[in-house]
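Take a look at the structure set out below.
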Amino acid sequence: MDVLNAVLIGGKGFEPYEVLYSKISDFEHKFSIKVNILHRFSHPELNAFKDNLNSSNDIDVISSHTSFLRSYKHLYLDLIEIDPENVKILLSDLPGLLRRAVTIKEEVLIAPRFIDVSSLHYRISIFNKIDEEPPKTWDELLQVAIKIKERKINTHPYTFAARGHALVGRFMEILHSFGGKMIDRDQFAFYSQEGIEALQFLVDLHAKYKVTHPRTPDFFYDDVSQAFKSGEVAMALDWPGWDYVYRDPKQSSIWDDFSIALPPRGRGGLWVYGGSHGLSVIRWSRKKTLATTFVLFMVSPENQYFESKSQGFLPARSSVFTMLLKDSKDNYFESHRLSIYRKIIEEAYLPVKIVKWREFTEILWPILNNAIRGEIKAEDALKIAYEKVKYLEKFQVELGE
């Protein structure tokens with residue numbers, strides 16, 4: 001019996017991503033093979049694993065993400081090379097921005113599972129108590145957070161992911177909404193007046209106004225989700241894959257007391273950091289055809305529909321998203337959330353355009369984090385960060401970005 005070796009995203013804090021893996025047995029039965037999951041890593045662990053991955057590792061399939069594609073493109077096989085017909089069918093079913101995000105120089109390196117964009121999650125009962133609507137701008141978010149704090153409601157007004165690449169993504173979307181850019185043509189542009197204002201806003205939320213969870217500087221995405229579902233915070237930006245966890249009374253104390261809204265906008269408009277988790281075939285796999293068949297099976301319309309209905313993810317395939325919208329017509333919560341996310345994807349989707357995103361974020365986030373902790377001024381932090389990452393600009397030129 002043939003065996004495929006896979007390294008997949010999962011584990012603590014990434015449990016929702018594992019729902020799809022229940023479909024692996026269907027593939028094993030259909031093709032009379034065994035899929036051996038060697039590891040289930042969190043996203044940071046997965047990136048660290050890839051940093052040292054080479055041809056001595058007997059791996060066929062690995063979880064991947066569009067934001068980090070250019071950092072790990074040397075690991076991935078061009079799927080069109082193996083199954084051009086079915087890969088082209090997949091591409092034709094993807095939104096344009098996502099189609100470009102999984103492709104480098106006409107090589108299709110990721111088969112996307114779902115689209116990730118954040119929405120503003122908020123506690124209905126708390127907003128009723130303070131007689132406020134969800135904030136439409138970042139200034140309104142600050143004022144609402146201050147009001148929650150002043151009313152001495154027994155919860156922290158807000159939190160955000162302030163550690164790892166998550167912090168850089170959150171900074172990037174506020175920077176763009178404040179009218180700035182992370183990168184302009186071939187040069188990093190975050191060290192600007194808009195960049196200083198964006199970072200200062202995050203600093204002020206935590207250090208000046210103290211409207212965030214006190215452990216915010218230590219939070220990654222899963223910590224934010226835990227704080228929201230346990231009722232510790234009133235507002236947070238979070239991903240669609242957690243919506244069904246929040247709605248489950250067995251997992252969430254706020255299951256009947258939350259809704260979602262568009263994230264806040266600034267003078268530069270509404271921008272939301274977006275990407276896509278997917279699957280890739282390792283270039284040196286000795287079972288390239290079988291591995292490609294497996295990857296395409298896992299992101300089939302049927303499996304994307306299953307994953308979306310089971311866990312609330314937003315399918316990468318446009319045809320499946322349309323099916324979900326039709327299904328939701330008699331379900332207000334589902335119809336509302338899908339409409340919110342569709343608007344974000346169509347009007348505010350902000351993909352990563354930095355080639356060495358992995359290296360870039362690893363340099364940037366500790367410096368931004370120091371500013372949020374009040375250990376360094378926002379302007380000084382960005383100046384130091386820019387000087388440290390400037391050498392990575394050359395990769396933008398090499399790839400014609």
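The values are calculated or read from the model by the stated rules, or taken from the named source; none is laboratory data. It should be emphasised that the depicted structure is a prediction, and the values quoted were computed from it without experimental measurement. Note that each Cβ is placed from the backbone with ideal geometry, even for glycine, and that neighbours are counted across all protein chains shown.
Values as computed for the structure displayed
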{"quantity": "Among residues of the range 303-343, those that are β-branched (Val, Ile, Thr) and in the same structural domain as Pro16 (by TED's automatic domain parsing), counted", "calculated": "2"}
{"quantity": "Of the criteria (1) polar (S, T, N, Q); (2) closer than 22 Å to Ile9 by Cα; (3) surrounded by fewer than 22 Cβ atoms within 10 Å (Cβ to Cβ), which one Ser259 fails", "calculated": "(2)"}
{"quantity": "Test: residue in the range 264-274 that is part of a loop (DSSP other than H, G, I, E, B), aromatic (Phe, Trp, Tyr) and crowded, with 19+ Cβ neighbours inside 10 Å", "calculated": "yes"}
{"quantity": "Given (1) assigned to a strand (DSSP E or B); (2) at pLDDT 95 or above, number of the condition Ser319 does not satisfy", "calculated": "(1)"}
{"quantity": "Selected residue (criterion: farthest from Lys377 (Cα to Cα)) from residues of the range 203-249 that are part of a loop (DSSP other than H, G, I, E, B) and charged (D, E, K, R)", "calculated": "Asp248"}
{"quantity": "Of the criteria (1) touching a residue at least 12 places away in the same chain (Cβ under 8 Å); (2) over 30 Å from Gln226 (Cα atoms), which one Arg113 fails", "calculated": "(2)"}
{"quantity": "Tally of residues being closer than 30 Å to Ala291 by Cβ, among the charged types (D, E, K, R) and surrounded by 14 or more Cβ atoms within 10 Å (Cβ to Cβ) across the range 105-145", "calculated": "3"}
{"quantity": "Helices (runs of 4 or more DSSP H) wholly inside the range 340-401 containing at least 1 residues that are surrounded by 14 or more Cβ atoms within 10 Å (Cβ to Cβ), modelled with pLDDT of 95 or more and not polar (S, T, N, Q)", "calculated": "357-372, 378-389"}
{"quantity": "Test for Lys34: is it under 23 Å from Asp116 (Cα atoms) and surrounded by fewer than 17 Cβ atoms within 10 Å (Cβ to Cβ)", "calculated": "no"}
{"quantity": "Within the range 83-95, considering residues that are over 18 Å from the mean Cα position of the chain (by Cα) and of a type outside the set (Asp, Glu), the one nearest to Val355 (Cα to Cα)", "calculated": "Leu91"}
{"quantity": "Any chance Ser285 is of a type outside the set (A, V, I, L, M, F, W, C), outside any helix (DSSP H, G or I) and over 23 Å from Arg247 (Cα atoms)", "calculated": "yes"}
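Rundown of residues vs (1) touching an Asp or Glu at 6+ places or on another chain (Cβ under 7 Å); (2) outside the structural domain of Asp93 (by TED's automatic domain parsing); (3) closer than 21 Å to Leu69 by Cα; (4) modelled with pLDDT under 95, yes/no style:
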| residue | (1), (2), (3), (4) |
| --- | --- |
| Phe228 | yes, yes, no, no |
| Ala234 | no, yes, no, no |
| Leu237 | no, yes, no, no |
| Tyr246 | no, yes, no, no |
| Ser253 | no, yes, no, no |
| Asp257 | no, yes, no, no |
| Lys288 | no, no, yes, no |
| Met298 | no, no, yes, no |
| Pro301 | no, no, no, no |
